[in-house]
Structures are given as structure tokens and as C-alpha cells.
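What follows is a single structure, written as C-alpha cells, with notes after it.
Read-outs throughout are calculated quantities, based only on the coordinates presented, and are distinct from any laboratory measurement. Please read all numbers here as calculations on a predicted model, not as lab measurements. Neighbour counts run over all protein chains shown; Cβ positions are idealised from the backbone, glycine included.
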Amino acid sequence: MSAPAASLQATALPVPAAPRPRGRVATALPLAGGLLLGLGIALGDPRLLVLGVLPLMVAVIARPDGAMLLFAAGLYLNLPVLVAAQVGLPSALSGAFALLLLIPFVGYVVIGRAPLVVTPALVCILGWLVVLVLSAGLSGGSPTSVNEILTFLGEGLLLYLLVTNVVRTVRTLRAVMWVLVLAGALMGIVSVWQELTHSYSHTLFGFAQVNQVGFSVGNDVTGPEVRPRLAGPIGEKNTYARILLVLLPLVLALIRTERDRLAQLVAAGCGGLILCGIALTFSRSAAVVMALLLVVAVVLRVVPIRHALLLVAAVVAVVLAVAPQYVLRLQTLSTADTATEQTSTADNALRGRATENLAAFYVFRDHPIIGVGPHEFYQRYSQVYGNKLDLRYLETSRRAHNLYLEIAADTGVIGLSVFLAIVGVTLVQLWGLARFWRRHRRYDLEAYAQGLVLALTGYLLTGVFLQLNYERYFWLLVALANAAIWILRRVPVSAAPAAAAPAAA
């Protein structure tokens with residue numbers, strides 16, 4: 001990264017400047033569509049949902065880059081899956097939503113004749129595909145493995161290729177980050193509304209799903225009091241917490257880079273709503289990862305210690321205001337040896353996680369080179385190996401609840417090495433670019449790179465507790481990070497430095 005930026009530069013294809021009236025219309029259409037969609041969700045009116053889609057489609061036609069923003073919002077809100085469920089379509093068809101990106105892709109690559117974006121991580125991703133095919137073939141090529149490969153092709157490789165070839169300018173990168181943060185804030189609003197109104201039975205077309213089993217928070221006159229855990233549009237509370245958590249570093253990046261005070265306040269407000277959504281999942285792993293991620297941010301000098309203390313105070317305030325029972329939930333991490341009903345349940349859950357982790361480790365030990373095949377640990381081995389441990393009886397097949405152990409069990413040391421190479425190559429390049437632009441006093445570009453580094457690091461930390469489920473969110477993050485790498489290598493060093501201070505918060 002010490003080489004002059006000019007040696008890395010190629011001409012980035014800018015978005016053509018639109019006339020001012022058209023620009024205003026292009027901005028107003030997505031806002032109008034989002035407002036109609038929000039009202040449709042809140043009022044439960046399908047007609048408003050249909051009306052909300054129309055201005056969004058017009059915006060896509062008027063400005064091709066709008067297709068990327070619409071795609072990012074729709075994917076993060078899980079819209080394709082929810083819509084498919086509402087109209088009775090197979091969930092696999094929701095993957096066709098990525099084809100929306102063909103509009104700007106054709107505009108750049110076919111009409112504009114821009115070169116295809118190729119980054120070092122793409123080589124590793126293609127290697128991951130080879131590993132999946134090889135592992136599936138050696139394990140017998142079961143339908144489960146084939147489906148897993150097809151899922152990766154649609155939600156991984158295709159998504160990566162389209163996103164990296166559509167997000168080509170700093171302007172588009174910033175806009176996508178804003179869209180993702182706003183999508184997270186919308187999910188947070190829905191969760192807060194659901195909590196304030198106790199509308200746990202109203203799913204709002206799937207945007208407000210709930211884990212009704214929850215956890216015990218005591219007893220009242222009618223018996224045990226159970227605290228529902230909110231799961232948003234995902235339907236799985238821990239994964240919902242994960243996809244919200246990785247947005248927090250992007251919130252910090254936007255606060256640092258926006259010059260307008262109102263925009264900074266909006267970003268901070270979105271961060272607060274995202275925190276509310278995380279708290280209402282009552283995910284213990286999310287709390288642990290947030291703490292670790294803040295430590296990483298301080299160690300890397302992304303966040304000064306004094307600002308870290310302010311962030312901790314803000315998080316505590318949000319939790320006490322929105323989900324005070326979260327404290328009871330977290331206490332079960334250190335009191336699992338007591339005899340209360342709540343900690344007994346927690347102890348049972350911890351033993352279940354230990355059983356699943358160890359089962360995956362022993363499968364990896366017995367098949368260390370190429371594993372047992374994609375998704376085969378869950379389908380064929382988890383219950384057999386888990387019940388041999390005599391820690392907790394597994395009545396059904398279970399996931400490993402650990403990204404690294406499950407990948408190792410499914411694809412062996414080869415697969416795990418290739419997967420880690422994908423994120424390793426991405427993180428090393430991004431961090432090098434962050435340092436490069438700091439030396440050149442472009443603190444906005446530095447903040448974008450650092451935000452994506454921390455977001456991807458947050459996902460990797462959650463991998464200690466969760467497997468690679470809903471993998472489209474992971475590959476979107478990897479694709480956005482690699483798009484940023486391509487962009488930041490092509491920004492002229494002579495560009496005017498940002499006015500924001502390097503440690504603004």
C-alpha cells in the first residue's frame with residue numbers, strides 16, 4: 001500500500017450527472033415507495049404494498065443505480081422470501097431477486113463497455129465452489145449437497161459478481177451503506193412497536209416474527225412468566241441479531257463521514273433503533289460479540305477509548321429503557337450452575353451447544369481432508385455423533401452452532417482454509433487501504449474501509465456461536481467490502497481531503 005495510488009488506478013465509471021429536476025424526482029420516488037410500503041406493513045393493507053412497489057420500479061428505470069439500492073434494501077429486509085411466502089411461491093424463486101442487478105450491470109459492462117471487476121477474493125470464492133463440488137462428489141453427491149451448491153451459486157457467487165460490478169463509485173458505496181443502515185432502522189422500529197404494543201401475534205406479513213418459546217423471567221399468579229424473543233423478518237432470533245449487529249460499524253462510519261449535522265443525527269438515530277432491535281432478540285451471543293467488537297475497534301484505534309466509554313453508556317441506556325430483562329438473560333451466562341428454573345434452562349441450552357460443537361469437531365476429526373459433504377453434517381451426522389457424547393440427547397438433526405466447526409465437518413481442512421482465505425484476503429486489503437487513505441488525509445475513505453472491516457469482523461465473531469445460515473447476508477457483506485477495495489484503489493490521490501476529523505464521532 002506504500003506504492004503511489006496512481007500505479008493502482010484505472011478509470012472508475014462514474015454515475016452520469018442528472019439534471020437537477022430529474023435528480024429530485026429520482027430521490028423522491030424511493031422515499032415515496034418506502035413510505036407506502038411502511039404504511040402497508042403497519043396497516044396490514046396489501047394494496048399499499050403494491051402501490052409502494054410502483055414508484056420504486058420507476059426509480060430503477062429512471063436511474064439504473066437505483067436498482068442496487070432497491071436490491072440492497074429488499075435483500076436486507078428479506079423481502080423476496082417474505083413475498084414468496086405470502087403468494088405461495090417456492091422460496092428458491094426468491095433468489096431471482098438478484099437479477100434486478102442485471103439492469104445496472106448491463107449498463108456498465110455491456111453498454112458502457114467497462115471492464116469486469118475482478119478482485120483477489122474472487123479467485124478464493126471460485127476455489128470455494130470447487131471445494132463444494134469436490135466434497136459433494138466424494139461424499140456421494142446427495143440431493144442435500146447439490147442443493148447447498150445451488151444455494152451458493154445463487155446467493156453467493158452470482159450475488160458477489162453482480163454487486164462488485166455494480167457498486168463502482170464512492171457515491172454508490174456510501175448510498176448502499178445508508179440503505180442498509182436505514183433497513184436496519186426500519187427493522188428496529190418494527191421490533192420497538194411490537195414490544196410497546198405487545199403485538200406478538202401480529203407478524204405484519206412476516207416482518208415481525210416472534211420466538212414464542214422465549215425464556216422464563218419469573219413467576220406470577222398464573223404461573224411462569226415467559227419473555228418472547230423478537231425475530232424480525234428473519235424468523236430466527238440469533239440470526240436477526242447478527243444481521244443487525246454488523247450494521248453498527250457502518251453507522252459509526254456514516255457518523256464520521258457525513259458533514260451535515262442532521263445526517264449525523266439521523267445515522268445516530270438509526271444506530272439507536274438497530275440497538276433496540278438487537279436488545280429485543282435477547283441474544284446472549286450478540287451481547288458478547290458487541291463487547292468483543294468494541295474491544296477490537298479500540299485496539300485498532302478506530303474508536304478512541306473515551307468514545308468507547310460513551311458507546312457503552314449509550315448501549316446500557318438503550319437496553320435498560322427498551323429491554324431491561326436482557327440483564328436477566330445475560331446473567332445466565334455466569335450462573336448456569338445454580339438450581340433456578342431459568343438457569344437450568346440456560347444450562348440445558350449451553351450443554352446443547354457443547355454437544356453440537358463437539359459432534360462437528362469429531363466429524364471433522366474422522367474426515368479431516370475434504371469433509372463429509374456440504375450440509376451433510378446437519379443432515380446425516382449431527383444426531384449420531386452428538387448422542388454418542390452423552391451430554392444432551394438430540395431428538396432431531398442439529399446445526400453445529402459454530403461456523404468454523406461446521407465448515408470443517410462439511411468440507412474438511414481444505415474447505416475451511418479456502419473460506420478463511422476469502423475473508424482474510426478481503427480484510428487485509430481493506431485495512432491496508434484504510435491506512436493508505438489516512439496517510440493522505442482522506443478520512444472519509446478511511447472510515448468506509450474501517451467500517452466494512454469491523455462489520456465483517458463482527459460477522460466472523462458471531463460465527464463462534466452461529467453457523468453460515470441465511471448466507472446471502474454474508475456474501476452481500478463480502479461483495480460490498482470487495483467493491484470498496486476496487487473503488488478505493490482508483491480514487492485519485494489528488495482528490496480534496498475530507499473535512500471530517502479522523503476521530504470524529
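What ranking do T239, T151, T355 get, fewest neighbouring Cβ atoms within 10 angstrom at the top? Don't skip to the answer; put the middle values down first.
Values: T239 20, T151 17, T355 23.
Placing the least packed residue first, the sequence is T151, T239, T355.
Please compute the length gained on full extension between R261 and L51, using 0.36 nm multiplied by the number of residues separating them and subtracting their Cα-Cα distance.
Numbers: separation 210, 0.36 × 210 = 75.60 nm, distance 3.30 nm.
Residue separation times 0.36 nm, minus the Cα-Cα distance, leaves 72.3 nm.
Going by C-beta contacts inside 10 Å, put S397, S201 in order with the fewest on the left. Write out the running numbers ahead of the final one.
Working: S397 14, S201 10.
With the fewest neighbours first, S397, S201 line up as S201, S397.
Where a ≥ b ≥ c are the square roots of the eigenvalues of the C-alpha gyration tensor, would you call the stretch 232-303 rounded, which needs a/c under 1.5, or, failing that, prolate if a/b is larger than b/c, or oblate? Can you show the working numbers first?
Numbers: a/c = 2.83, a/b = 1.35, b/c = 2.09.
The shape class here is oblate.
Kindly identify the stretch 141-203 as rounded, prolate or oblate by the Cα gyration tensor criterion: order the square roots of the eigenvalues as a ≥ b ≥ c, call it rounded if a/c is under 1.5, otherwise compare a/b with b/c, prolate if a/b is larger, else oblate.
The shape class here is oblate.
Given a Förster distance of 51 angstrom, what is the FRET efficiency for Q86 paired with L309, based on the Cβ-Cβ distance and rounded to 0.05?
Values: r = 45 Å, r/R0 = 0.88.
Once rounded, the FRET efficiency stands at 0.70.
Can you pull the one-decimal nm distance between simple spin-label points at R435 and A291, each 7 Å off the Cα toward Cβ?
3.0
Can you pull the one-decimal nm distance between simple spin-label points at A268 and V146, each 7 Å off the Cα toward Cβ?
5.6
Order 372-380, 98-106 from most to least packed using the mean count of other Cβ atoms within 10 Å.
Values: 372-380: 23.7, 98-106: 18.4.
The packing order, highest mean first, is 372-380, 98-106.
In nm, give the distance between the simple-model label positions of S397 and S199, each being 7 Å from the Cα along the Cα-to-Cβ direction.
3.7
Taking amide H atoms as placed 1.01 Å from N in the peptide plane, list the residues 5 or more away in sequence, or in a different chain, whose amide H sits under 5 Å from that of R229.
Amide H neighbours of R229, under 5 Å, 5+ apart: N211, G214.
What full-extension length gain, to one decimal in nm, is calculated for E471 and L300 as 0.36 nm per residue of separation minus the Cα-Cα distance?
Values: separation 171, 0.36 × 171 = 61.56 nm, distance 2.74 nm.
Contour length minus the Cα-Cα distance gives 58.8 nm.
Once you have a ≥ b ≥ c as the square roots of the Cα gyration tensor eigenvalues for the stretch 128-283, tell me rounded if a/c is under 1.5, and otherwise prolate or oblate according to whether a/b is larger than b/c. Don't jump to the answer; show the numbers that get you there.
Details: a/c = 2.88, a/b = 1.15, b/c = 2.51.
Oblate, since a/c reaches 1.5 and b/c is not below a/b.
For L116, project a label point 7 Å along Cα to C-beta. Then give me every residue of the stretch 140-167 with its amide nitrogen under 18 Å of that point.
Answer for this model: 153-167.
V133 label point, 7 Å along Cα→Cβ, cut-off 16 Å on backbone N: hits in the stretch 373-394?
Only 374 fall inside the zone, counting backbone N under 16 Å.
Around V491, with a cut-off of 12 angstrom between Cβ atoms, what is the net charge of the other residues, counting Lys and Arg +1 and Asp and Glu -1? Intermediate results must be reported in sequence, preceding the final value.
On the way: positive: R168, R171, R442, R489, R490; negative: D444, E446.
Local charge sum for V491: +3.
With Cβ to Cβ distances under 9 Å as the rule, what net charge do the other residues near E376 carry (K, R +1; D, E -1)? Kindly include the intermediate steps, with their values, before the conclusion.
Details: positive: R380; negative: E148, D410.
The answer is -1.
By counting other Cβ atoms within 10 Å of each Cβ, how are L328, L196 ranked from fewest to most? Before the final figure, lay out the partial values.
On the way: L328 15, L196 9.
Lowest count first: L196, L328.
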